[in-house]
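Undergrad: I have a structure here, written as structure tokens, and I will follow up with some questions on it.
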Amino acid sequence: MSSSTPLPLLLNTFTLALAVSFLLIVLWYDTRRTINQLFALFLIAVQIWSLGFLLEFLLEEVNLLTGTA
């Protein structure tokens, strides 16, 4: 999944920053509402997904994941 363009890295970083920002806004607004709690769980899942993709992309770029030096 290695790519020569930085576009996936930029989009993933933007998605991660946006999910963190939305999570802070939602939790700041009202943590007791059920819809906010469910949306916060969704945003945490998006953050985990984006962080996993980001780590995989970065590890491939430095050739740690593929095992080649």
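The values are calculated or read from the model by the stated rules, or taken from the named source; none is laboratory data. Values in this document were obtained by computation on a predicted structure and should not be read as measured data. All Cβ positions, even for glycine, are placed from backbone atoms using ideal geometry, and neighbour counts span all protein chains on display. Each accessible area value is taken on the protein alone, full model and side chains, heavy atoms only, with ligands, DNA and RNA left out. Shrake-Rupley method; radii C 1.70, N 1.55, O 1.52, S 1.80 Å.
Undergrad: State all residues of the stretch 1-38 that are assigned to a helix (DSSP H, G or I), open to solvent by less than 80 Å² (accessible area, probe 1.4 Å) and either among the hydrophobic types (A, V, I, L, M, F, W, C) or more than 30 Å from V62 (Cβ to Cβ) (or both); if no residue qualifies, say none.
TA: Within the stretch 1-38, L9, L16, A17, L18, A19, V20, L23, V26, L27, N36 meet the criteria.
Undergrad: Further question: For residues in the stretch 1-37 being touching a helix residue (DSSP H, G or I) at 6+ places or on another chain (Cβ under 6 Å) and more than 18 Å from Q47 (Cα to Cα), which is modelled with the lowest pLDDT?
TA: S2
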